[in-house]
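Below is one structure; the comments refer to it alone.
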Amino acid sequence: SFFTIASLNSTYARFWEARGHLGTAMTESNMLAARAALYTAHDDSDKADAWRATLKNNLIRLIDAALFMIQDDRACILFNAMDAKTGKLDLKKQGLRASDKLVKTASSALEGEEGKEKDVMARAMDVDATILTSGDHVEDGCKNAGELHGRTAAIVGAYFNLIKFSTTPRPFVITQMGRTLVFLWVLSVPGAVLNGSPTEIIEGCFLVFIVTYGFIGLTLVDIELSDPLGNDDNDLETERYLEIIKVDIEKLLGKDSLSSEGKLLTNAYHVSSGYGSV
């Protein structure tokens, strides 16, 4: 009983830790786009629009690559499959083939210029490089660019905190021994109950059912929540969150955004004859 509850509490805390890191990545992505739009809203020229479009595309590629790496259960093996010199996936090194679904998905999610794959860090550097070049495209440059770099770093930090859930699972020995003991204990319950009350068959069967249902149910819950990332029914809905983030980024940095139309800084004010108008 103690082991089951302790294990479930640990798994539940792990699940919400992952949700917290995912929330950080979502918040920082949205805030980076929002602040970039705000800090360049004073310039609605075509060059500024092109800079915002580039930042938007690089930011979306960053979260696309990050999502793939944390969503796919086997994506962690690609850490060691990427050749740093050529930017290509060394398939033989990890026993992979070009026809594998994982490789095809990785090539799509990590595809960069000139046919080279880009990992999450390379995508983050693209975002930072775009921010650094704001002075060449936006009049007076992007204000508070340091804050934007900090938000990029926060996104990468949240990504590495999330990736540990697939690269560092709970120790197998503890999991195996714990579940084995639980199942053995549950199997021994009928004998112990009937031995103590051999004449109370109905009451004994009811007690065995309740105990079995409770402990096996909690163990299955522990198994289901132990890996919060992936595509299972009870995993975090990272794909849905990604679509929400993409819509928000498009609204903030897209061609029809308020910053591109030069209305972002004035949209907060309205003109009227009433008290408190501006």
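Annotations
- Single residue of the stretch 185-201 satisfying the filter (open to solvent by 80 Å² or more (accessible area, probe 1.4 Å) and at pLDDT below 80) that is farthest from Leu218 (Cα to Cα): Thr199
- Number of positions in the stretch 215-247 that are in a helix (DSSP H, G or I) and either surrounded by 15 or more Cβ atoms within 10 Å (Cβ to Cβ) or touching a helix residue (DSSP H, G or I) at 6+ places or on another chain (Cβ under 9 Å) (or both): 16
- The C-beta contact set for the stretch 28-39 (first residue within 15 Å of Ala66 (Cβ to Cβ), second residue hydroxyl-bearing (Ser, Thr, Tyr) and buried (at least 18 other Cβ atoms within 10 Å of the Cβ), distance under 7 angstrom, 6+ apart or interchain) comprises Leu32/Thr152.
- Selected residue [modelled with pLDDT under 85 and either outside any loop (DSSP other than H, G, I, E, B) or more than 20 Å from Leu253 (Cβ to Cβ) (or both)] from Leu102, Leu55: Leu102
- In the stretch 188-239, of all residues being among the acidic types (Asp, Glu) and touching a residue at least 24 places away in the same chain (Cβ under 8 Å), the one that is farthest from Met69 (Cα to Cα) corresponds to Asp222.
- Of all residues in the stretch 2-30, exactly one satisfies the criterion of being over 21 Å from Ile63 (Cβ atoms), small (Gly, Ala, Ser) and open to solvent by less than 40 Å² (accessible area, probe 1.4 Å), namely Ser7.
The values are calculated or read from the model by the stated rules, or taken from the named source; none is laboratory data. On a predicted model such as this, the values are computed, not experimentally measured, just so you know. Because the Cβ atoms are built from the backbone with ideal geometry, glycine has one as well, and the counts that use them run over all protein chains shown. Quick note on the areas: whole protein, heavy atoms, side chains included, nothing else; ligands and nucleic acids left out. Shrake-Rupley method; radii C 1.70, N 1.55, O 1.52, S 1.80 Å.
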